[in-house]
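> Dropping the structure in here first, questions after.
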């Protein structure tokens, strides 16, 4: 590999697990059935980035809900998502092997996600993979969401590794843009967005459907 990295940082939803369809479904149910909206699937999908209250503000404006109401709605949405997704919960193909290989090589790994701890714990504990990660930065740990670099800069700080030495794994343009803004290269998993949607981002090194192609072997060889 021409490029080598000292740490790997993973977004969670859509990057480690292919669950974004279930998030979209849960959001759409909440927005339309519980809150009286009339949003299409594509309208919901387009707005699903950042913290949950930010999604609600983008969909309904800043004056519809109090913060307490948005936090409560957020948990209702996540409980619906978890109930529907749990039977399908699995890492993307090849990821378990990649995590283990990096772990054996002593490469520090971390999670930098806009998910709330409730959802991060759901994944890590049900899949028994918490031991792979030296740092976890969630929605509750940052003020500014992706594409602001705070999430990834905070992860790098916790790992004690320079941002330029961190490689970010992402699935959405806003996340890859956050990596760019943090001075980090990115690999994109094309679970939810097409490759051409990242054309404006010069920091993306590779695109892949999952973690099974030889590119990932090169990162841990």
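> Looking at the range 98-119, is at least one residue surrounded by fewer than 16 Cβ atoms within 10 Å (Cβ to Cβ) and in a loop (DSSP other than H, G, I, E, B)?
Among the residues of the range 98-119, at least one is surrounded by fewer than 16 Cβ atoms within 10 Å (Cβ to Cβ) and in a loop (DSSP other than H, G, I, E, B), which makes the answer yes.
> To continue, here is another question. Which residue, of 172, 204, 123, is closer than 23 Å to residue 45 by Cα, assigned by TED's automatic domain parsing to the domain that holds residue 13 and in contact with a helix residue (DSSP H, G or I) (Cβ under 8 Å, 6 or more places away or on another chain)?
Of 172, 204, 123, the one residue that is closer than 23 Å to residue 45 by Cα, assigned by TED's automatic domain parsing to the domain that holds residue 13 and in contact with a helix residue (DSSP H, G or I) (Cβ under 8 Å, 6 or more places away or on another chain) is 204.
> Would you be able to say whether some residue in the range 179-193 is over 20 Å from residue 95 (Cα atoms), buried (at least 20 other Cβ atoms within 10 Å of the Cβ), at pLDDT 95 or above and out of contact with any strand residue (DSSP E or B) (no Cβ under 6 Å at 6 or more places or on another chain)?
Among the residues of the range 179-193, at least one is over 20 Å from residue 95 (Cα atoms), buried (at least 20 other Cβ atoms within 10 Å of the Cβ), at pLDDT 95 or above and out of contact with any strand residue (DSSP E or B) (no Cβ under 6 Å at 6 or more places or on another chain), which makes the answer yes.
> If you go through the range 14-25 one residue at a time, do you hit one that is more than 18 Å from the chain's Cα centre (by Cα) and either modelled with pLDDT of 95 or more or crowded, with 18+ Cβ neighbours inside 10 Å (or both)?
No, the range 14-25 contains no residue that is more than 18 Å from the chain's Cα centre (by Cα) and either modelled with pLDDT of 95 or more or crowded, with 18+ Cβ neighbours inside 10 Å (or both).
> Also, I was wondering about something else. Of all residues in the range 44-68, count the ones that are over 22 Å from residue 149 (Cα atoms) and loosely packed, with under 14 Cβ neighbours inside 10 Å.
Looking only at that region, the number is 7.
> Next question, about the same structure. Test residue 91 against the stated conditions and say whether it is over 19 Å from residue 166 (Cα atoms), surrounded by fewer than 17 Cβ atoms within 10 Å (Cβ to Cβ) and within 17 Å of the chain's Cα centre (by Cα).
Here the answer is no, as residue 91 does not meet what is asked.
> If we keep just the residues of the range 162-178 that are within 19 Å of residue 209 (Cβ to Cβ) and free of Cβ contacts under 8 Å to residues at least 40 places away in the same chain, which is surrounded by the most Cβ atoms within 10 Å (Cβ to Cβ)?
176
The values are calculated or read from the model by the stated rules, or taken from the named source; none is laboratory data. Note that this is a predicted model, so its numbers are computed, not measured. Backbone-built Cβ (ideal geometry, glycine too); neighbour counts: all protein chains shown.
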